[in-house]
1. List every residue whose amide H lies under 5 Å from the amide H of I250, counting only residues 5 or more places away in sequence or on a different chain, with H placed 1.01 Å from N in the peptide plane.
2. Which trypsin sites (Lys or Arg not before Pro) from the range 98-192 combine a DSSP loop assignment with at most 10 other Cβ atoms within 10 Å?
3. Among M172, M242, which comes first, second and so on when ranked by fewest other beta-carbon atoms within 10 Å?
4. List the residues whose amide H sits under 5 Å from the amide H of D137, counting only those 5 or more places along or on another chain, with H placed 1.01 Å from N in the peptide plane.
5. Relative contact order (percent) for the range 102-231, with alpha-carbon contacts under 8 angstrom and 6 or more residues of separation?
6. How big is D for the chain, in µm² s⁻¹ as a whole number, if Stokes-Einstein is applied with the Kirkwood radius of its Cα pairs at 25 °C and 0.890 mPa s?
7. Along the Cα-to-C-beta direction of Q409, a point sits 7 Å from the Cα; which residues of the range 338-377 have their amide N less than 20 Å from that point?
8. Please list 3J(HN,Hα) in residue order for the range 206-217, calculated via the Karplus relation 6.51 cos²θ - 1.76 cosθ + 1.60 where θ = phi - 60°; whole Hz, with x for glycine and proline.
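Taken together, the values in this text are just the output of simple stated rules run on the coordinates, not laboratory data. Just so it is clear, the model here is predicted, and its values are computed rather than measured. Glycine also receives a Cβ, built like all others from the backbone with ideal geometry; neighbour counts cover every protein chain displayed.
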Amino acid sequence: MENFEIVGGKKLKGSIDVRGSKNATTPILAATLLTREECIISNIPLIEDVFRMLEILESMGSEIKWLGERKINVKNKNIDPAKINAETVKKLRSSVLLLGSLSARFDKFKFYRPGGCVIGARPLGTHFDALRKMGVDIKQTEKHYFVNIKKRKTGKITLQEMSVTATENAMMLAASLPEKTVIKLAACEPHVEDLGIFLVSLGAKIKGLGTHTLEITGSKGLKGTEHVIIPDANEAATFLIMGVATGSAIKVKNAREDHLDLVLEKLREFGADFKITKDCIEVVPAKKLLAVSKIDTRTYPGVPSDVQAPFGVLATQAEGQTLIHDSLYESRFNYISELKKMGARAKVLDPHRVAVNGPTKLKGKNITSFDLRAGATLIIAALLAKGKTTIREIYQVDRGYEKIEERLQKLGAEIKRV
């Protein structure tokens, strides 16, 4: 068991690089199954979720070679889904992304229920409905999904909700079908678009990337390709919020402004400003932080649910009350109990809303990370707090933030892994 020990109260300075997007890497790795030819993927983030996805691919027969620190060659010539690593699938939410690519390649297979962060009910009904409309029959038991593809078919699919992973599963299967598939109410997050760009490089034709309607004409003979993963917008947002909350003029490099429009607008509402260049966003600290009346997380281009918790800790430093409404998940306020241990004034109103009052001087405590984004949030809180904070369950942070303590140490943070 590893912990983070953090002594807070210091200003940060310097620059920090944004790594490749976790949420783009895992679906793109799943999509390499669509071709038997080699795929070279660059800007891979070295995080636990990516390592686990690679383990799952290797368990089925993928040949994976590291060509550099963040560059891999994946070849899926001989794949057997019956050999899949069940325990890793059951721990990794992103493993659900294999449903689409395996359905494109195999007529029958057994799959295990995926795991991941406990942030509320995350049913797979939208995935199953979309895949069934494309000819995939899925029967469920307590532990397994039995997948039987009687006859793959194209057509018009309207998703039951704008689910990112359901959109990605439908995109992967559609990319393997020669005729046109239309996906309506599709998610359009930057990482969904990045998957689309990868599928196009394999040989699929896609219209509407970046919108809620996709037209995909696939191919049975998808080829190998090379692809560079986009920067992680959620990581960039975390670092920007960290700079604003601590009043630190840090530079966040490899951050894409066009992926952060509403996040930046909300931070400006709090009183922050930024110097923005082509590949860098520098925080201009606010003289005074003012509460924002409401932060409402939505599907893209709304404020991402993944940065709701960092906004929550920022609100503890702003004058007045901020109402945070997470419409997407109903168990993503676990971090609030830990912030309250540190002295935060916050009240969970219902499973989707929390009211945070500030400003509050936080104090170092022993606290626990319940999920990936909560872990990053508690690091920000610890950097703000007076005294030493110990954060338990830091594996959750490692799932999405590469060597976070080493990168923050370069900014002057007093943080160590114990």
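1. Amide H neighbours of I250: V283.
2. K143, K150, K151
3. With the fewest neighbours first, M172, M242 line up as M242, M172.
4. Excluding prolines and chain starts, which carry no amide H, the hits are N148, I149, K150.
5. Answer for the range 102-231 is 21 percent.
6. 112
7. 376
8. 10, 10, x, 4, x, 10, 8, 10, 10, 10, 10, 10
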